[in-house]
Amino acid sequence: MNPSSHIIGTLKEGIILDVTMEELQFKAYVVISEPDINRVADFVPQEQFEASGDLHVAAVARADDAHEQVEEITFNMNLNDGAVFLCQDQAAYTATLEELGQYGLLN
């Protein structure tokens, strides 16, 4: 995988990316948050829920988990899907951003 991405928005807890991986293109919400599915609505706007496609959610507990979580989510994605990455801490957040094509970005 050679991902590329660009920032399309910011959140208090993270950023929103437009990500391209091979033929897959999707919107990713990457935030520092406890791994609570109920928090997703705090980060993702209502129109994302109303859009066609699924919203995939992953918890990234440690920086070492980022590669596996991104790979697992993208493997299961279809056209018009989106992804939310709930990163436990700054290290997991930074590692997830790097897996999505953002390097050297500090939040």
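Bear in mind that the values in this text are calculations on the coordinates, not laboratory data. Source: prediction; values computed, not measured. Positions of Cβ are generated from backbone atoms using ideal geometry, with glycine treated the same way; all protein chains shown enter the neighbour counts.
Among the chymotrypsin sites (Phe, Trp or Tyr not before Pro) found in the stretch 7-107, those both in a DSSP coil and sparsely packed, with 12 or fewer other Cβ atoms within 10 Å of their Cβ, are 103. Put a dot 7 Å past the Cα of residue 20, heading toward its Cβ, do the same for residue 8, and the two dots end up 1.3 nm apart.
Look at the dipole of the chain built from charges on Cβ: of 60, 82, 29, the Cα furthest out on the positive end belongs to 29. The calculated 222 nm mean residue ellipticity attributable to helices in the chain amounts to -7000 deg cm²/dmol, summing -39500 (n - 2.57) over DSSP H runs of n ≥ 4 and dividing by all residues. Here the 3J(HN,Hα) profile of the stretch 61-75, calculated from phi with Karplus coefficients 6.51, -1.76 and 1.60 at θ = phi - 60°, is 6, 9, 4, 5, 8, 4, 4, 4, 5, 5, 4, 5, 5, 5, 4 Hz, Gly and Pro shown as x. Please state the shape class of the chain: rounded when a/c is under 1.5, otherwise prolate if a/b exceeds b/c and oblate if not, all from the C-alpha gyration tensor. Rounded is the answer for the chain, as its axis ratio a/c remains below 1.5.
The HN-Hα couplings worked out from phi for the stretch 11-22 by the Karplus form 6.51 cos²θ - 1.76 cosθ + 1.60 (θ = phi - 60°) are 10, 4, 9, x, 9, 10, 10, 9, 10, 10, 10, 6 Hz, whole numbers, x standing for Gly and Pro. Per residue, the average separation of C-alpha pairs within less than 8 Å and at least 6 apart gives the stretch 1-88 a relative contact order of 31 percent. Charge dipole (Cα centre; +1 on Lys/Arg Cβ, -1 on Asp/Glu Cβ; no other charges) of the chain amounts to roughly 300 debye. Annotation: amide H of residue 84 within the under-5 Å range of 29, 56, 57, 58, sequence separation 5 or more or interchain, hydrogens built in the peptide plane.
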